[in-house]
1. Contact list please: Cβ distance under 8 Å, first residue in the range 88-108 and in contact (Cβ under 8 Å) with a residue 24 or more places away in the chain and under 15 Å from K193 (Cα atoms), second residue in a loop (DSSP other than H, G, I, E, B) and aromatic (F, W, Y), pairs at least six apart or on different chains.
2. Please verify whether the range 18-39 includes one or more residues that are in contact with a Cys (Cβ under 8 Å, 6 or more places away or on another chain), touching a residue at least 24 places away in the same chain (Cβ under 8 Å) and either within 30 Å of L135 (Cα to Cα) or among the hydrophobic types (A, V, I, L, M, F, W, C) (or both).
3. Output the residues belonging to the range 89-106 that are more than 13 Å from D24 (Cβ to Cβ) and part of a strand (DSSP E or B).
4. Give F150, F123 a once-over and let me know the one that is surrounded by 13 or more Cβ atoms within 10 Å (Cβ to Cβ), of a type outside the set (G, A, S) and more than 17 Å from F176 (Cα to Cα).
5. Determine, yes or no, whether V156 is under 15 Å from the mean Cα position of the chain (by Cα), surrounded by 16 or more Cβ atoms within 10 Å (Cβ to Cβ), modelled with pLDDT of 95 or more and not in a helix (DSSP H, G or I).
6. Quick one: W56 ticks every box in (1) out of contact with any Asp or Glu (no Cβ under 7 Å at 6 or more places or on another chain); (2) free of Cβ contacts under 8 Å to residues at least 40 places away in the same chain; (3) of a type outside the set (S, T, N, Q) except a single one, so which number is it?
7. Can you confirm whether K114 is closer than 23 Å to K5 by Cβ, modelled with pLDDT of 95 or more and surrounded by 18 or more Cβ atoms within 10 Å (Cβ to Cβ)?
8. Among the residues of the range 135-145, is there at least one that is touching a residue at least 60 places away in the same chain (Cβ under 8 Å) and either out of contact with any Leu (no Cβ under 9 Å at 6 or more places or on another chain) or surrounded by 13 or more Cβ atoms within 10 Å (Cβ to Cβ) (or both)?
Amino acid sequence: MATQKFANVAQKVTYNEALPLIKDGDLFFSSGNGEFSTAIKSLSDSLVSHVGILFWWGSNLMLLESVTTAGVRAVPLFHYTGNYGNTGKRYDGKLFVARYKNLANDKPKLDAMKQVAIDLFGFKYDSNDIAKILLSRIIKKVKRKEDQAFLCSEYVEKIFQCVNINFATDAAGFIFPEHIAANANVELVCELK
C-alpha cells in the first residue's frame with residue numbers, strides 16, 4: 001500500500017524555512033528509525049510511522065498527537081526538529097508536512113477541528129489496538145472497536161471526522177498513518193531537514 005508521496009522529496013527545508021509554509025490543520029508525518037516505528041512501517045507497508053496535526057497557537061506552532069508515552073498531547077513542533085524527548089537532538093527519522101486539499105482556508109472547519117483536538121487532550125494511547133492489529137493478521141475475525149483511547153492515526157481520524165472527512169481503513173477497520181498519507185486529497189508541503 002505504501003504511498004510514494006514522501007519518497008524522493010524535492011523540497012527539504014529547515015524548521016525556520018518551513019514555518020511560513022505551514023497552515024492550521026496541516027498534517028505532520030514521521031518515518032522513524034526506532035524499533036516501534038520500523039514495526040509500524042512494516043505492519044502497514046508504509047514509508048511513514050506516525051501522524052499528527054499542526055495548529056498555530058499565537059506564534060507557537062504546535063503538534064497535536066497521540067503517543068505511547070503520554071497519550072493525546074500538544075508539543076511545539078520544534079521538539080521534533082531539535083529537542084526530541086528533551087535530548088537536545090533531532091528526531092531519528094524523516095519528518096514531513098502535508099496538507100488536506102481545500103481545507104487550509106476554511107476557518108469554520110479548522111476551528112471545529114481544533115476544538116475536537118483540544119477536547120481529546122489527556123486521552124490515553126490505545127495500546128490495546130496494537131495487539132488487536134497484530135491479532136487481526138492472524139485471526140481474521142478481530143475488528144476495531146471504538147473506545148476512549150487513540151492510536152496516532154485514530155486521533156487524527158477523529159479530528160477530521162468532525163468535518164465529515166473520512167479516511168480509508170484496513171479490512172478490520174484499523175487506520176494507520178499510511179491510510180491518511182495515501183488519501184488522494186493529502187498533498188506534501190515539505191520535508192523538514
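1. K94/F6; F96/F6
2. yes
3. Within the range 89-106, G93, K94, L95, F96, A98 meet the criteria.
4. F123
5. So V156 does not fit the description; no.
6. Result: W56 passes all but (1).
7. Considered against the rule, which asks whether it is closer than 23 Å to K5 by Cβ, modelled with pLDDT of 95 or more and surrounded by 18 or more Cβ atoms within 10 Å (Cβ to Cβ), K114 comes out as no.
8. There is no residue in the range 135-145 that is touching a residue at least 60 places away in the same chain (Cβ under 8 Å) and either out of contact with any Leu (no Cβ under 9 Å at 6 or more places or on another chain) or surrounded by 13 or more Cβ atoms within 10 Å (Cβ to Cβ) (or both).
The values are calculated or read from the model by the stated rules, or taken from the named source; none is laboratory data. Given the structure is predicted, the values throughout are model-derived calculations rather than measurements. Positions of Cβ are backbone-derived with ideal geometry, glycine not excepted, and every protein chain shown enters the neighbour counts.
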